[in-house]
Each structure stands twice: as structure tokens, then as C-alpha cells.
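Here's the structure, in C-alpha cells; my notes come after.
The values are calculated or read from the model by the stated rules, or taken from the named source; none is laboratory data. None of the values given here were measured: they were computed from a predicted structure. Here the Cβ is made from the backbone with ideal geometry for all residues, glycine too, and neighbour counts use every protein chain on show. We work out accessible area using only protein heavy atoms, side chains counted, and drop any ligands, DNA or RNA first. Shrake-Rupley method; radii C 1.70, N 1.55, O 1.52, S 1.80 Å.
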2 protein chains.
Amino acid sequence: MNPPLARLCTALGYCFQTPEWLEEALTHRSASARNNERLEFLGDALLNLIMAEYLFQHYPKASEGELSRLRASLVKGETLAELARSLKLGDWLRLGQGELKSGGYRRESILSDALEAIIGAVYLDSDFGACRDWVLHLYQDGLMRLSSASELKDPKTRLQEYLQADQRPLPIYNVLEIRGEPHAQSFTVECVVAKLRTTAIGSSRRKAEQESARLMLEQLA
Amino acid sequence: MNPPLARLCTALGYCFQTPEWLEEALTHRSASARNNERLEFLGDALLNLIMAEYLFQHYPKASEGELSRLRASLVKGETLAELARSLKLGDWLRLGQGELKSGGYRRESILSDALEAIIGAVYLDSDFGACRDWVLHLYQDGLMRLSSASELKDPKTRLQEYLQADQRPLPIYNVLEIRGEPHAQSFTVECVVAKLRTTAIGSSRRKAEQESARLMLEQLA
């Protein structure tokens, strides 16, 4: 491997057996027909799975919708470009003349595509387990921020924490009505906080309570 | 494992160590709060990666766009539902009363979601390598059809084969014009087949030829 690329490997925290993969991952389509677009296709799928599995394992109570939303925030171009900048990836890209002149090495999409391509390159150079470990290490700060974020907590928990922070009394939930056959019931629940009241209907008591808490948070916000 | 589920494992060609994963994968959200939606999220990401890698390895000349198109045809709901039907998955689904009455076990989205969930379940029950082998085995017919399909061949190859099949003379490509600076040239190329002519512009001679061949195929079709 040429010495500059070896420096990049140090920054990445991954040493390539076959540096050609890394070189291909750094090559924008403006520079060569043999460029990083195919590796980006592979890396995108890897990143999606690695994050899906991480979230699945670490958020056992999150719904499919919550998992999707969290993953979207982790794999979006902006997040990837930020990571690429922290690795100074722009310094290593191979760009065509046109892109060089127009400052393509700073462009978000070019940076995020190259990082996805490197994920694909790491996989081809090693295996799924090693690639996953490397990606999770790369993302460790982002994943830490995620786990401390409140967005995953359910509305009842958020409402309780919101009120406790102000040392206010906790909400009261009352079931106002239960309708329908036993296998298809609907529950009407109210959430009471001092003089405020919100009402919601759900297919279970729990769901109706969560929805009434969510509406209460909106009223309080 | 209860005897009926053991029969399903035979049909699937995969024997679960932890049958609870399979049970969860077969449970529609209409039947239980502990249902297959989270497993489907994981299985969808697995399927996308397994197909991305397969196509990347088996179609070394396909562009990223072609790889994406091929994968979309493999992972779409229709393809998954067809596979699910061939496994008689509908017989094993756990559905709520409402879905049972309305024939949910036949519905395409319910079948394809359950199959994706089973892919997630196989992964959690084994590892990436075993899950990949199982999915590729499940897809073997679809992948065979893919490799014999002409859609991956480039337009020049398709045009040549089309003409040869009719024992007609091969097309002639002429460069009509080259414009622009060396790093940003555009090529105008014509494709001639007997008295027919098509013209196309591209950033390389090869691209312009391919596009003129594609237009010729449209004229001949």
C-alpha cells in the first residue's frame, strides 16, 4: 500500500489486506470508469443491516416504525458526511477535473457515498462480523447520543418525566368506555393533569392511554 | 417444537434451535402485540444485503443502477408473496379474527411480510452466513431466471443478438462529432442498420454508442 493510504487506514482504524478495494472506494465516477458506485450499493445495504440489527437488539420494546425512524437518522447522508469529514475523507478522494475545480471533495453526497463505499470495501476485505464491528466503532458517538435521546421513550414515560421535572403531580388515566366484541374492543381513555384533560380511543387500554398522554404532551408543550 | 411447526421447518429447509423466533415470525399484528413487525424490519434489511452481495459478485460489469433494478425485482412484495405461497406459508400464519374472516392469509402483503420476518428469525437463530445460504437456496429458481434474462445485457449486445437471430448484417457505429474540452467532451454517434439511423450524444464514445443502439432497438421493436 502506498504510504498516504496507509495513513488513511490508521485514521479509519481498519487495515486493508487488499488496498485496491479502498482505492476503488475513494474513486468518484468523475475520475474513472472503475469507480465507487458499485461499492456504494453494497455498503449502503451493509449499513442498513448493521443499524437494523443494532437497533433491534438494543431497543427491544421499540416498534418497527420507531426502529425505521431511528435508522433513518443514522444512515442519512448528513450523518454519513459528518463522519466522513471527521475522517478527513475529502483529502483522499480521487475526483475528475470538473469536480476538483468545483470543490466536489466538500460536497455532502460525494463524501457520504465514499464512506458507504468504504463500508462495502471493508466487508469485501474481511467478513460480515469484522465489518459490523468496524461500523459500530465508527458510529459509537452517534449511537451513544441515540441511547440518551428521549425520542424512543413512549408518551406516558415522557409525560411522567416532564411533570416530575417540574415537581408537578402525576397524570391520572381513566377508562371512560369499552365497546365492541371481546376480540375487537375499543377503549376510550382520558388523561388528566390538573385542569387539563385529553381523550383518546385505542384497540387496547394501553394504546389509548399512550395516545392520550401524547395529546397531553402536545397541550403542555 | 410442536409437530406442525416441525413440518413447516421441513418445508422451509431450516430447522430452528429456538422455535419461538419462528412463532413470532408467523404472528401477524392482528393476533398479538408480540408480532412479526420487528422481525420483518430485520429480515427486510437482511434480504436487501444478501441480494446486493449476490448481484455484486455475479454481475461484475453491471452498473449500480442495474444492480438496484435487479435487486428491486427480487425483493418486491410480489416475488416474496410467490415464494411464501410455494411454501404454503398462509397455512401457518397466526392472524386475528378480523383478518381470518377477510382471508388475510391469502393477502400478498401479509405473506411477504411474514417471509421477511422468517428471514430475520433464521438470522437470529443462526448467523449471517447460514442465513445467506438459506435465502439464496430459497431464491435459487428466481436467481436462475435472472441470470438467463437478457435485461442485464447492454443495448449494443442486445441489438447485435437481435440482428444475428434474423441473420441480418451487424450495425455500424459512426462518430459524427466530438465537442468540448478534453476533460468534458461530448460525443455524437450514429448507429446504422440498413436504411435505419439513430443518433445519440454521450460523455464518452461508448455511452453514445450504447444509447444509439438502445434507440435502434426501439425502432426495430
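Of note:
- Longest DSSP-loop-exposure-free segment, trypsin sites (Lys or Arg not before Pro), chain B, at most 15 other Cβ within 10 Å: B:89-152
- In this structure B:ILE172 has an accessible area near 90 Å², from a 1.4 Å probe over the protein heavy atoms.
- Computed over the range A:23-66, the Cα gyration tensor eigenvalues convert (square root of 5λ each) into semi-axes of 33, 8, 6 Å, ordered from largest to smallest.
- Between A and B, roughly 2600 Å² of accessible area is buried in total, ligands, DNA and RNA not counted and the probe set to 1.4 Å.
- Our note on the geometry: Cα centres of the range B:66-136 and the range B:163-221, 43 Å apart.
- Apportionment of accessible area to carbon and sulfur, chain B, percent (1.4 Å): 49 percent
- According to the Kirkwood relation over distinct C-alpha pairs, the hydrodynamic radius of chain A is 20.5 Å.
- log10 of Debye I(q)/I(0), alpha-carbon scatterers only, for the protein assembly as shown at 0.09, 0.11 Å⁻¹: -0.79, -1.04
- If the convex hull is drawn through the Cα atoms of the range B:1-130, its volume per residue in Å³: 103 Å³
- Dividing the C-alpha radius of gyration of the range B:64-187 by 2.2 N^0.38 Å, with N its residue count, gives 1.66.
- For B:LYS101, label point 7 Å along C-beta direction: distances to other copies, nm: 7.0
- Label point 7 Å beyond Cα along the C-beta direction, distances from A:PRO169 to other copies (nm, shortest first): 9.7
- Semi-axes of the equivalent ellipsoid for the range A:37-89, computed as √(5λ) from the eigenvalues of its C-alpha gyration tensor and ordered from largest down, come to 23, 13, 9 Å.
- Accessible solvent surface per residue of the range B:1-84, calculated while the other protein chains remain in place, 1.4 angstrom probe, Å²: 45 Å²
- 20 Å tail of the calculated P(r), the range A:140-221, as % of Cα pairs: 40 percent
- Chain-alone versus full-assembly comparison, the range A:28-46, residues with accessible loss of at least 20 Å² (1.4 Å probe): A:GLU37, A:ARG38, A:PHE41, A:LEU42, A:ALA45
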